[in-house]
Amino acid sequence: MQSLYSNGFENIYDEMYQTFINYEEEFQFYSEIIKKYHKENVLEIGCGSGHLAKHFIHSSIGYNGMDLSNDMVLLSQKRNPTGTFLKGDMTNFYLNKTFKSILITARTTSYLLNNVSVQKAIKNIYNHLDKKGIFCFDFIDANRFFKLIKDGKTITHNAETKNKKYSRTSFMKPKITKENFMFQWDAKYYEIKDQSHILLTDDQSEVRAFTINEWQLFLELNNFEILEIIDRKSYAFDTYVIVAQKQ
Ligand SMILES: C[S@@+](CC[C@H](N)C(=O)[O-])C[C@H]1O[C@@H](n2cnc3c(N)ncnc32)[C@H](O)[C@@H]1O
């Protein structure tokens, strides 16, 4: 999946994911949380190609976006000329300002591949939050998702945009490592033209799923109090959203 974030492939991500994720609904969901806790100044980590950003920028909520991929940052900026976007790694960033809330959506936490990375990300997020600021993020729930892919599972997702048809075939299987609940995700991305599948890119990655207890412990150890744990349906994965407050 990582190969879709740069070198021109970010455009394919951009086209396909608009059909997988309803960004209007994402905005409704996250903006309600932000408003409920009166934290209307957001840093979105892993902003991708700037679709969720677009809704925030057109709302009364202050918004800054950050992504590891320079190509994604450029795409976000192109989509939202008035927005503020920068390149940064969630495990190691310093912005010289703080925010009322920090968001990580679309299971981007799956790229925190080991416990040291999780710890570093939470510390950076803590340092960039105002007093009593909120950290709101989602994650793939290992308990439910691993049951589904236990013996290996192939899933096809089709995406149709105005001018193009795409298809993604994913093979997913749990991969229990020394430390964490990882899974293998081998994906092939195709464009469908005249009924034939043309391979665009082939991606093999190892990504992480979490249990609720892991996040409870990480947050507790880093002085966050959990305000809410929300079970949320998503297009491909069993997902929880956690809202935690800086103590
Ligand atoms: C699954 S995409 C989600 C993008 C966007 N939130 C959306 O909903 O379309 C994950 C994004 O996180 C970014 N990313 C991956 N690792 C990151 C890291 N360590 N720090 C910041 N961004 C990261 C990727 O470049 C990619 O744009």
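Values as computed for the structure displayed
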quantity: Estimated FRET transfer efficiency (Q119, K165; beta-carbon r; R0 35 Å; 0.05); calculated: 0.25
quantity: Label-to-label distance, nm, for residues given as N127 and Q216 (7 Å Cα→Cβ offset); calculated: 2.9
quantity: In sequence order, calculated HN-Hα J values of the range 170-183 (Karplus, 6.51, -1.76, 1.60; Hz; x Gly/Pro); calculated: 10, 10, 10, 8, x, 9, 7, 9, 4, 9, 10, 8, 9, 9
quantity: The chain - charge dipole about Cα centre, Lys and Arg +1 at Cβ, Asp and Glu -1, debye rounded to 20; calculated: 260
quantity: Distant alpha-carbon pairs in the range 42-153 (separation over 16 angstrom), percent; calculated: 61
quantity: Segment S3-D203, extension gain: residue separation times 0.36 nm, minus the distance between their alpha carbons; calculated: 71.4 nm
quantity: Within-12-Å neighbourhood charge of E160 [Cβ basis; K, R +1; D, E -1]; calculated: +1
quantity: Gain in span if fully extended, S59 to H38, counting 0.36 nm per residue against the direct Cα distance; calculated: 6.1 nm
quantity: Fraction of accessible area attributable to carbon and sulfur, the chain (%, probe 1.4 Å); calculated: 48
quantity: Top positive-direction residue, dipole computed over the range 1-91 with Cβ charges, set S69, N11, T84; calculated: T84
quantity: Nitroxide proxy distance, nm - points 7 Å out along Cα→Cβ at E191 and I230; calculated: 3.7
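The values are calculated or read from the model by the stated rules, or taken from the named source; none is laboratory data. Keep in mind the model is a prediction, meaning the values are calculated, not measured. Note: ideal-geometry Cβ built from the backbone for every residue, glycine included; neighbour counts use all protein chains shown. Each accessible area value is taken on the protein alone, full model and side chains, heavy atoms only, with ligands, DNA and RNA left out. Shrake-Rupley method; radii C 1.70, N 1.55, O 1.52, S 1.80 Å.
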